[in-house]
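The values are calculated or read from the model by the stated rules, or taken from the named source; none is laboratory data. The structure displayed is predicted, hence computed values, not measured ones. For neighbour counting, all protein chains shown are included, and Cβ atoms are generated from backbone atoms with ideal geometry for every residue, glycine included.
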Amino acid sequence: MRLSTLTKVAAVVAAVVLTATACGGSSPESGDGPPVADAPTFEAGTTMARLAEAGALRVGTKFDQPGFGLQGLDGTPTGFDVEIAKIIAAGLGIAPDGITYTEAPSALREEVLETDRVDIVAATYTINDARKERISFAGPYYEAGQTLMIRSDYTAVTDKESLRASGARVCTVAGSTPEAQIAEFIDPSQLTTFDVYSKCADALRTNQVDVVTTDNVILTGFVADSEGAFKLTGESFTQEPYGIGITKGDVAFCEFINTTLQAAAADGSYAEAWESTAGEISGEPAPELPAAAACS
């Protein structure tokens, strides 16, 4: 992106924040998202202009992860990823009722973007080089770390180093970063994979596996919902920067998202998003927004 274009994007986002504050703009339902920008304008031909004109944003997210993306009884997902999507939508002038959600399990996150089923993916989506061959990322907006979840009465595993010797049956999601990273510490015969983490949690509860591994914040949600049946063990052993997946090469949209997230960190919307979702489960204070990576 040329510097002049980036400057225009930043100016638009700043104006959006000021306008929404001055006019008292908000989502249709109180407390259901950040203040929505009042008729923002964008350069013709950009993704931002198209979405703002349509008044709609299609979001891919997880449906099975407490605190980040969990589908409720009414069919609408809730969680930190969902609130981050609302922040992006608000910067485009789109209220929460203008967002539609598509389930985006780990193995399908690139596909739903490449087949134009969604406009963004906010789904505990670790930024890595392999994925950047197919899509682009805005952010990161959060950094997690992989760890282990076990039944509370299980003692054979205390950390990743004890996995192979114990012969523990380990579960994670196929096509995920945790699947690739746990391979160093187990034999192939120890691994079971599913398409979603809730199936791993069910298998742990019914003693079909001994360990579930993925990012700490995801597992914290399952622990909180387990009524004492599960616990975490060992320290986190990776760094997992979560990004917003977008169509490959859409630099202008990437820069807009980054600037929107920075504005949300400044005005408190980012902290509120955390505190009402993952922070409520984990008890951890709102993190600092990580520095944005270069868009490409």
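Residues that are at pLDDT below 95: which helices (runs of 4 or more DSSP H) entirely in the range 1-103 hold 2 or more of them? I'd like the intermediate steps shown before the answer.
On the way: elements: 3-23, 47-54, 80-91.
Answer list for the range 1-103: 3-23.
Tell me, please, whether a residue that is under 30 Å from Pro34 (Cβ atoms) and among the aromatic types (Phe, Trp, Tyr) can be found in the range 170-186.
No: zero hits.
Regarding Asp97, is this residue in contact (Cβ under 8 Å) with a residue 40 or more places away in the chain, buried (at least 24 other Cβ atoms within 10 Å of the Cβ) and under 22 Å from Phe256 (Cβ atoms)?
Here the answer is no, as Asp97 does not meet what is asked.
Going through Val211, Val223 one at a time, which residue ends up being within 17 Å of Ala144 (Cβ to Cβ) and not assigned by TED's automatic domain parsing to the domain that holds Glu103?
Result of the check over Val211, Val223: Val223.
Look at the range 281-296 and say how many of its residues are at pLDDT below 95 and surrounded by 13 or more Cβ atoms within 10 Å (Cβ to Cβ).
Of the residues in the range 281-296, 3 are at pLDDT below 95 and surrounded by 13 or more Cβ atoms within 10 Å (Cβ to Cβ).
Residues that are touching a strand residue (DSSP E or B) at 6+ places or on another chain (Cβ under 6 Å), at least 1 per element: which helices (runs of 4 or more DSSP H) completely within the range 125-191 meet that? Show your work before the answer.
Values: elements: 129-132, 163-166, 177-182.
Passing ranges, in order: 177-182.
Checking Asn128 against (1) crowded, with 18+ Cβ neighbours inside 10 Å; (2) assigned by TED's automatic domain parsing to the domain that holds Val82, which single condition isn't satisfied?
(1)
Looking at the structure I just gave you, is Glu161 under 18 Å from the mean Cα position of the chain (by Cα), among the acidic types (Asp, Glu) and not assigned by TED's automatic domain parsing to the domain that holds Gly60?
no
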